[in-house]
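One structure below.
The values are calculated or read from the model by the stated rules, or taken from the named source; none is laboratory data. Everything quoted here is computed from the prediction, not taken from an experiment. Using ideal geometry, Cβ is built from the backbone for each residue, glycine included, and neighbour counts are taken over all protein chains shown.
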Amino acid sequence: MPSEAISVKESPRKKLSILFELTRFIRPYLGTIVAAAIALIFTAAVMLSVGQGVRMLIDEGFAQQSLEQLRQAIFFILMITLLIAAGTYARFYLVSWLGERVSADIRLAVFNHVITLHPSYFETHGSGDIMSRITTDTTLLQSIIGSSFSMALRSLLMFIGALIMLFATNIKLTMIVMIGVPFILIPILLYGRRVRALSRKSQDSMADVGSYAGEAIENIKTVQSYTREPEERAAFMAEVERSFAIGRRRVKQRATLIASVILIVFGAITGMLWVGGSDVIAGNMSGGQLGAFVFYAIIVASSLATISEVFGELQRAAGATERLIEILQVESHIVAPVDNPQSVAELTAEIEFKNVSFHYPSRPNQAATDQLSLKVEAGKVLALVGPSGAGKSTLFELLQRFYDPQSGTISLGGVDLRALDPKELRQSMALVPQQPALFSADVMHNIRYGKPDATEAEVIEAAKKAHAHDFILKLPQGYQSHLGERGVRLSGGQRQRIAIARAILKNPQILLLDEATSALDSESEHHVQKALEALMQGRTTLIIAHRLSTIQHADNIAVFDHGKLIEVGDHPTLMQRCSLYQRLVELQFTQPQ
């Protein structure tokens with residue numbers, strides 16, 4: 001079983017002890033916890049005093065027909081009520097603040113960890129599931145920590161305090177009430193485990209719903225272009241109904257648990273009332289004592305009912321915690337060397353692949369590269385050509401160390417990439433992909449993403465070199481125009497020029513171009529090609545190429561097929577001795593552009 005995954009089948013066997021994993025997030029706020037605990041204990045103690053007020057009201061007010069005694073009893077109860085209100089305010093505020101703060105810390109911790117994970121993790125874990133854990137699960141924990149957990153502690157204190165007062169008031173009646181307590185544990189233990197398992201399934205199914213909806217919305221133009229709206233509605237309804245069915249089963253189990261506890265507890269109280277009422281009639285106890293006893297018995301009953309209800313919530317919290325801890329326990333496969341990593345700045349930009357074989361984790365039986373050996377001299381331009389799926393893009397992934405090869409080595413300046421800090425390595429490179437990744441922020445943010453401390457003048461200069469300045473000025477707010485999700489407000493060519501401007505601004509040692517001009521019209525391509533030629537001067541450049549115009553200025557061309565390097569040479573050489581290259585030229589470069 002992979003380290004980053006915990007089987008769902010194990011979930012029912014796991015206990016609420018998983019919640020102790022939250023202590024590391026709660027521990028920094030020990031002062032708030034202590035203050036909340038004091039408010040909680042104070043409120044519980046004052047609440048228990050109400051029983052004595054009821055006893056005074058009946059025995060000294062009603063029984064003695066004394067208005068003065070009645071007034072004192074009412075005043076006592078009123079003062080107790082004010083103290084309860086003040087204590088409850090303090091407890092609620094402190095605990096709710098703690099829930100908000102801890103859930104925010106957990107959300108930050110999970111996100112900060114997720115963005116450091118190796119890309120292979122995201123091949124097997126959908127973004128919808130991860131987002132569900134960061135949002136839905138942390139929101140659930142916020143509710144548990146900020147409300148339910150406090151209710152459980154309060155109810156537990158009230159239960160213990162009321163039980164002590166019951167024994168102090170009448171031992172015989174207390175024993176009658178206690179007969180029902182063991183029976184309460186049966187439904188809690190029986191249904192609690194089922195609620196836990198269903199809670200985990202419910203949260204997983206909600207993640208599936210969110211993932212499906214997000215994917216459909218993200219590809220809305222494709223959905224509508226193929227008129228697949230009815231099918232998407234039906235598929236989404238099936239996901240929603242499946243989630244609802246699991247949620248209904250979970251609610252049914254919780255409802256059964258709560259109803260069973262209430263039935264048993266109040267059944268015991270009913271028996272106690274019969275015996276207690278008989279004792280009052282026989283003169284063995286006063287009406288005030290019975291009233292106080294009933295008050296404490298109701299507190300015991302309501303506390304147990306609350307605990308059983310919160311127990312179900314804690315089961316859900318355990319499921320949410322488990323899902324979050326799963327992510328936090330995932331260790332990235334790509335890490336910096338522990339002892340004295342080599343500085344990238346000290347190395348030449350010479351790249352070499354030696355007998356590199358690599359399989360993507362999601363396709364373990366299919367080699368993306370097979371015994372690949374290739375060298376790119378510092379400051380030279382190498383074009384990579386070959387049919388789709390030949391392994392060209394994989395070289396970019398390996399070079400940026402998003403993955404490590406299963407065998408062989410990749411070196412920069414003669415040093416194995418695994419001896420370098422991945423962050424420093426990637427800072428020395430700039431990638432312009434075929435499908436640029438843009439953010440919904442403004443143009444300035446997207447270009448400056450390659451160099452966060454760049455001045456506005458530097459950003460504009462980079463945009464001019466990328467032939468993007470003119471169309472940016474025509475946007476509603478110019479460089480402050482927001483681009484929408486994934487840059488949806490720009491054309492394909494405009495998005496690509498923004499990505500090129502980002503790379504130009506970064507001014508890297510190594511430039512990776514994945515058919516960077518593929519979405520440009522002829523005039524824009526001419527200008528951008530000139531900018532790229534200037535940018536490539538003195539830089540090691542790898543280009544995934546399909547256009548002859550991109551290959552012409554390359555120092556060498558590497559031909560790939562099925563993860564293997566077929567041939568390396570310049571254009572005339574390859575035209576003479578590489579049949580695959582000849583066929584690619586015939587199929588691609590003689591076609592109208």
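Please enumerate the residues belonging to the range 436-448 that are farther than 17 Å from residue 400 by Cα and touching a residue at least 40 places away in the same chain (Cβ under 8 Å).
Hits for the range 436-448 are 438, 439, 440, 441, 442, 443, 446, 447, 448.
Of the residues in the range 336-372, how many are β-branched (Val, Ile, Thr) and modelled with pLDDT under 80?
1
So residue 116 passes all but one of these: (1) at pLDDT 80 or above; (2) crowded, with 16+ Cβ neighbours inside 10 Å; (3) not acidic (Asp, Glu). Which condition number does it fail?
(2)
Have a look at 275, 261 and point out the one that is within 16 Å of residue 166 (Cα to Cα), β-branched (Val, Ile, Thr) and either assigned by TED's automatic domain parsing to the domain that holds residue 319 or touching a Leu at 6+ places or on another chain (Cβ under 8 Å) (or both).
Being within 16 Å of residue 166 (Cα to Cα), β-branched (Val, Ile, Thr) and either assigned by TED's automatic domain parsing to the domain that holds residue 319 or touching a Leu at 6+ places or on another chain (Cβ under 8 Å) (or both) holds for just one of 275, 261, which is 275.
Given (1) assigned by TED's automatic domain parsing to the domain that holds residue 565; (2) under 25 Å from residue 130 (Cα atoms); (3) touching a Phe, Trp or Tyr at 6+ places or on another chain (Cβ under 9 Å), where does residue 362 come up short, assuming only one miss?
Going through the list (1) assigned by TED's automatic domain parsing to the domain that holds residue 565; (2) under 25 Å from residue 130 (Cα atoms); (3) touching a Phe, Trp or Tyr at 6+ places or on another chain (Cβ under 9 Å), residue 362 breaks only (3).
Please work out which residue is surrounded by the most Cβ atoms within 10 Å (Cβ to Cβ), limiting yourself to the range 271-312 and to residues that are polar (S, T, N, Q) and within 16 Å of residue 259 (Cα to Cα).
The selected residue is 308.
Would a scan of the range 122-129 turn up a residue that is over 23 Å from residue 46 (Cα atoms), at pLDDT 75 or above and either basic (Lys, Arg) or not in a helix (DSSP H, G or I) (or both)?
no
Of all residues in the range 475-498, which are at pLDDT below 80, among the basic types (Lys, Arg) and either outside any helix (DSSP H, G or I) or buried (at least 17 other Cβ atoms within 10 Å of the Cβ) (or both)?
Residue satisfying the conditions is 489 alone.
Do we find that residue 352 is in a helix (DSSP H, G or I) and either assigned by TED's automatic domain parsing to the domain that holds residue 421 or more than 30 Å from residue 158 (Cα to Cα) (or both) in this structure?
no
Filtering the range 278-313 down to residues that are farther than 19 Å from residue 171 by Cβ and among the aliphatic types (A, V, I, L, M), which residue is nearest to the chain's Cα centre (by Cα)?
Here the answer is 310.
Looking only at the range 100-118, which residues are polar (S, T, N, Q) and either under 16 Å from residue 320 (Cβ atoms) or part of a helix (DSSP H, G or I) (or both)?
Scanning the range 100-118 gives 103, 112.
To keep it simple, each residue is scored yes or no on (1) surrounded by 14 or more Cβ atoms within 10 Å (Cβ to Cβ); (2) touching a residue at least 40 places away in the same chain (Cβ under 8 Å).
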site	(1), (2)
227	no, no
233	no, no
236	yes, no
240	yes, no
245	no, no
254	yes, yes
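If I go through the range 314-354 residue by residue, how many of them are of a type in the set (Ser, Thr, Tyr), within 17 Å of the chain's Cα centre (by Cα) and over 30 Å from residue 257 (Cα atoms)?
The number of residues fulfilling the criteria is 1.
Go through 275, 261 for me and flag whichever is closer than 20 Å to residue 168 by Cβ, assigned to a helix (DSSP H, G or I) and not polar (S, T, N, Q).
Result of the check over 275, 261: 275.
If I filter the range 405-414 for residues that are in contact with a Leu (Cβ under 8 Å, 6 or more places away or on another chain), farther than 20 Å from residue 537 by Cα and of a type in the set (A, V, I, L, M, F, W, C), do I get at least one hit?
yes
Does residue 465 meet the test of being buried (at least 18 other Cβ atoms within 10 Å of the Cβ), more than 23 Å from residue 393 (Cα to Cα) and either modelled with pLDDT under 85 or not β-branched (Val, Ile, Thr) (or both)?
yes
Enumerate the pairs (first residue in the range 94-111 and not assigned by TED's automatic domain parsing to the domain that holds residue 43; second residue anywhere and modelled with pLDDT under 85) with beta-carbon separation below 9 Å, excluding pairs fewer than 6 apart on the same chain, so at least 6 apart or on different chains.
Taking only residues 6 or more apart or on different chains, not a single pair turns up.
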